[in-house]
1. I'd like to know if the stretch 139-155 contains one or more residues that are farther than 25 Å from L21 by Cα, open to solvent by 20 Å² or more (accessible area, probe 1.4 Å) and either within 15 Å of the chain's Cα centre (by Cα) or at pLDDT 90 or above (or both).
2. Could you say whether any residue in the stretch 195-204 is surrounded by fewer than 20 Cβ atoms within 10 Å (Cβ to Cβ), in the same structural domain as L281 (by TED's automatic domain parsing) and within 16 Å of ligand 2 (Cβ to nearest atom)?
3. Considering only the stretch 224-297, give the helices (runs of 4 or more DSSP H) lying wholly within it that have at least 1 residues that are assigned by TED's automatic domain parsing to the domain that holds L169 and modelled with pLDDT of 85 or more.
4. Kindly check whether there is at least one residue in the stretch 144-159 that is closer than 18 Å to K289 by Cβ, of a type in the set (K, R) and either away from ligand 1 (no atom under 16 Å from the Cβ) or out of contact with any strand residue (DSSP E or B) (no Cβ under 6 Å at 6 or more places or on another chain) (or both).
5. Taking only pairs six or more apart or across chains, which ones have beta-carbon atoms under 9 Å, a first residue in the stretch 12-32 that is more than 20 Å from E191 (Cβ to Cβ), and a second residue that is among the acidic types (D, E)?
6. Looking at the stretch 283-297 only, could you name the residues that are under 16 Å from S114 (Cβ atoms) and open to solvent by 60 Å² or more (accessible area, probe 1.4 Å)?
7. When both residues are 6+ apart or on different chains and their Cβ atoms are under 8 Å apart, which pairs have a first residue that lies in the stretch 251-268 and is of a type in the set (G, A, S), and a second that is at pLDDT 70 or above?
8. Just a yes or no: is a residue in the stretch 130-137 modelled with pLDDT of 80 or more, within 16 Å of ligand 1 (Cβ to nearest atom), open to solvent by 10 Å² or more (accessible area, probe 1.4 Å) and of a type in the set (V, I, T)?
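The values are calculated or read from the model by the stated rules, or taken from the named source; none is laboratory data. The structure displayed is predicted, hence computed values, not measured ones. FYI the Cβ positions are ideal-geometry reconstructions off the backbone, even for glycines, and counts take in every protein chain you see. With ligands, DNA and RNA removed, areas are computed over all heavy atoms of the protein, side chains included. Shrake-Rupley method; radii C 1.70, N 1.55, O 1.52, S 1.80 Å.
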Amino acid sequence: MPMSLTPLSTAQAIMKTFKVLPTVPAAASRAIQLLNESEVDMGEVADILLADQVMAARVIRIVNSPLYKLLQEIDSVRQALIYLGPQRVFEIILTSCFLELTDSQSRTPLKMQSCWEHAFGVGLVAKKLASFSDDIPQDQAYIAGILHDIGEVILSQQRRDEFTRVLVLARERELDLYQAEMKVFGTSHAEVGALLAEQWRFPEVYIDVIRNHHGLQSGNMSTLTRLVHIADQICLNVGFCCKYGNAEQREGQVYGIDMLDLERQLSSLGVKRLSDFRASLAELVQQVKQTVESIYG
Ligand SMILES: [Fe+2]
Ligand SMILES: [Fe+2]
């Protein structure tokens, strides 16, 4: 890579080659902005959702998935708002926004079900960890987890041939996708994702997570970015990994991640009751698998 090219300038150049710039549904974009306001207006959420029928149908499907364990079937967005409240409904909009991006646009050499498990897993693990801390908002942790690798999906869709090389390199040399992307592209899904998130006008907190979740070398990572980085490592460790296409490959892959070190990092973020977190992990893993299965199934 010539000296003048940085991961950022390379990502900008790659974005210019995209035939169509991926878009996020307007409803999702608006919902993410609303979530950052102090008072959430239920009526406004319902109107946004009802205006987008594809989105509304997805929301209903996710509401009825095992994740929410409801006693009765929900068949309208208004009912979902009443049963689950605005916070949960926001999460669901975000989840469907990611689904929209991952399965409505062009083909990719990645297996989307694996990527889904990874994104969803990082969202749920980050949220669970945040629930054991006093100052990390759970909803922010969930959203940041769902979105952190958004650039990977887009990069793999827009630059299929090179991304196929990324996958081969990552598997052969046991690199993670970030490292393999740096070798093939000179930039990564983190930079590309952050540039997209800027275009989609996501709040700064999420852009920071997307851009910096692999950048452990920079000591000034935000608390949320550090939390998502740890949730990312935990999910790779339990086999939620985009690098492998089928379940056997994924589950056979044991990452040498030092859980004790992660727990030390979590303590420094103010996350308490780590034994409770450890005890809940198996159930979370099951929840992710069942939910993704029911959405894709
Ligand atoms: Fe990543
Ligand atoms: Fe990740």
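1. First pass over the stretch 139-155, keeping only residues farther than 25 Å from L21 by Cα: 139-142.
Subset that is open to solvent by 20 Å² or more (accessible area, probe 1.4 Å): 139-140.
Among the residues that remain, those that are also either within 15 Å of the chain's Cα centre (by Cα) or at pLDDT 90 or above (or both) are: 139-140.
Checking the stretch 139-155: at least one residue is farther than 25 Å from L21 by Cα, open to solvent by 20 Å² or more (accessible area, probe 1.4 Å) and either within 15 Å of the chain's Cα centre (by Cα) or at pLDDT 90 or above (or both).
2. no
3. Fully inside the stretch 224-297 and qualifying: 259-268, 274-296.
4. Within the stretch 144-159, none of the residues are closer than 18 Å to K289 by Cβ, of a type in the set (K, R) and either away from ligand 1 (no atom under 16 Å from the Cβ) or out of contact with any strand residue (DSSP E or B) (no Cβ under 6 Å at 6 or more places or on another chain) (or both).
5. Going by the 9 Å Cβ cut-off, the qualifying pairs are P25/D52; P25/E100; A26/D52; A27/D52; A28/D52; A28/E100; R30/E44.
6. K289, Q290, E293, Y296, G297
7. Close Cβ pairs satisfying both conditions: S267/L274.
8. Looking for residues that are modelled with pLDDT of 80 or more, within 16 Å of ligand 1 (Cβ to nearest atom), open to solvent by 10 Å² or more (accessible area, probe 1.4 Å) and of a type in the set (V, I, T), one finds none in the stretch 130-137, hence no.
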